[in-house]
1. Going highest first, how would you order 39-49, 125-135 by mean Cβ packing within 10 Å?
2. What is the distance in Å between the Cα centroid of the stretch 41-120 and that of the stretch 169-209?
3. Suppose every Lys and Arg Cβ carries +1 and every Asp and Glu Cβ carries -1, with no other charges. What dipole size does the chain come out with about its Cα centre, to the nearest 20 debye?
4. What's the longest uninterrupted piece of the chain once you rule out the GluC sites (Glu not before Pro) that are loop residues per DSSP with at most 13 other Cβ within 10 Å?
5. Which value at 222 nm does the chain reach when only helices count, each DSSP H run of 4 or more adding -39,500 (n - 2.57), with the total divided by all residues and rounded to the nearest 500 deg cm²/dmol?
6. Sorting Val62, Val172 by accessible area (1.4 Å probe), largest first, what list results?
7. Pairs to check: Lys15/Lys50; Lys50/Lys202; Lys5/Lys202; Lys10/Lys53. Give those whose C-alpha atoms are more than 25 Å from each other in this structure.
8. From the C-alpha coordinates alone, can you work out the Kirkwood hydrodynamic radius of the stretch 89-208, in Å?
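The values are calculated or read from the model by the stated rules, or taken from the named source; none is laboratory data. Owing to the predicted nature of the structure, the values given are computational and were not obtained by experimental measurement. Note that we place each Cβ from the backbone using ideal geometry, even for glycine, and neighbour counts take in every protein chain shown. Each accessible area value is taken on the protein alone, full model and side chains, heavy atoms only, with ligands, DNA and RNA left out. Shrake-Rupley method; radii C 1.70, N 1.55, O 1.52, S 1.80 Å.
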Amino acid sequence: MEILKNISEKLVIGKADEVVDLINEALGNGLKADAILNDGLLDGMAIIGKRFKEGSAYIPEVLIAARAMNRGLEILDPLLAEEGAEPRGTLLIGTVQGDLHDIGKNLVSILFRGAGFNIIDLGSNVAPAVFIAKTKECSPDIIGLSALLTTTMIKMGSTIKALRESSITTPVIVGGAPLTQDFADSIGADIFASSASDGVEKVIALMVD
Ligand code: B1M
């Protein structure tokens, strides 16, 4: 659809205000938030990601595209999260230490909120000691770790180890583009999620068990 293509194109060139205007127009035309997310915003992120990998886009361009993505997510957030269900539990989430990527983590938070969870978002570049302190303070039902770099995914292992050494037994869910089930198993994660929706399904299944 033309408007979704426009959203994707404007995101790729980092035109955040235009992305916001187009999203509002698309919503006004009756388009669903999840279609705008998947076929507009995420399509644009995939294009900029491919260019970054190939070396035809650089960090400043990726950064302004990411800002446009987050501005778009702010509008879609209440719509994706709309449900008004009873709180199912609390998710404490953050991107691990050394890692600044927060878009996937933000999306995971939105979908969990939509599924009725309370969210405590610690942001990105979160040290193990912060996960421990916040878990002790807030007693979440589940702890979520996100990582996008092969160099930071190992921090997930040290975060889980530090949590367990602090006698915290709260289940931990891990996710992020470079992760695999085998890696998640090797660091003692309770759940590996390949996507935000996969994460929601697996956490709900774990809590029902
Ligand atoms: Co970065 N970056 N980046 N970057 N960046 C990647 C990840 C990279 C794959 C690009 C590439 O080379 N192809 C590459 C990593 C290579 C590797 O480690 N193997 C890379 C690199 C190298 C870097 C730097 C090192 C570059 C440099 O400085 N030389 C640097 C590192 C900075 C740091 O963190 N210390 C860097 C910087 C940046 C920006 C700051 C410019 C920007 C981030 C801005 C921001 O997040 N606010 C950025 C971006 C945007 C990307 C790409 C282009 C897009 C990532 C993204 O947001 N995807 C990325 C290329 C790519 O992935 N194609 C890339 C969309 C998002 C919705 O997907 O995060 O995978 P994702 O989340 C998914 C799932 O993975 C899952 O659910 C989400 C939705 O379904 N999921 C979870 C994620 N977390 C989960 C947690 C869960 C459950 C599911 O439970 C808790």
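1. Numbers: 39-49: 19.9, 125-135: 18.1.
Highest mean packing first, the order is 39-49, 125-135.
2. Rounded to whole Å, the Cα centres lie 17 Å apart.
3. Result for the chain is approximately 600 debye, rounded to the nearest 20.
4. Values: sites that count: Glu82, Glu83.
Longest run free of exposed loop sites: 84-209.
5. On the way: 9 runs with 115 residues, N = 209.
Calculated mean residue ellipticity at 222 nm is -17500 deg cm²/dmol.
6. Details: Val62 30, Val172 0 Å².
Descending accessible area places them as Val62, Val172.
7. On the way: Lys15/Lys50 19 Å; Lys50/Lys202 29 Å; Lys5/Lys202 32 Å; Lys10/Lys53 20 Å.
Lys50/Lys202; Lys5/Lys202, as the Cα separations exceed 25 Å there.
8. Values: mean 1/r = 0.0732 Å⁻¹.
Radius from the Kirkwood sum: 13.7 Å.
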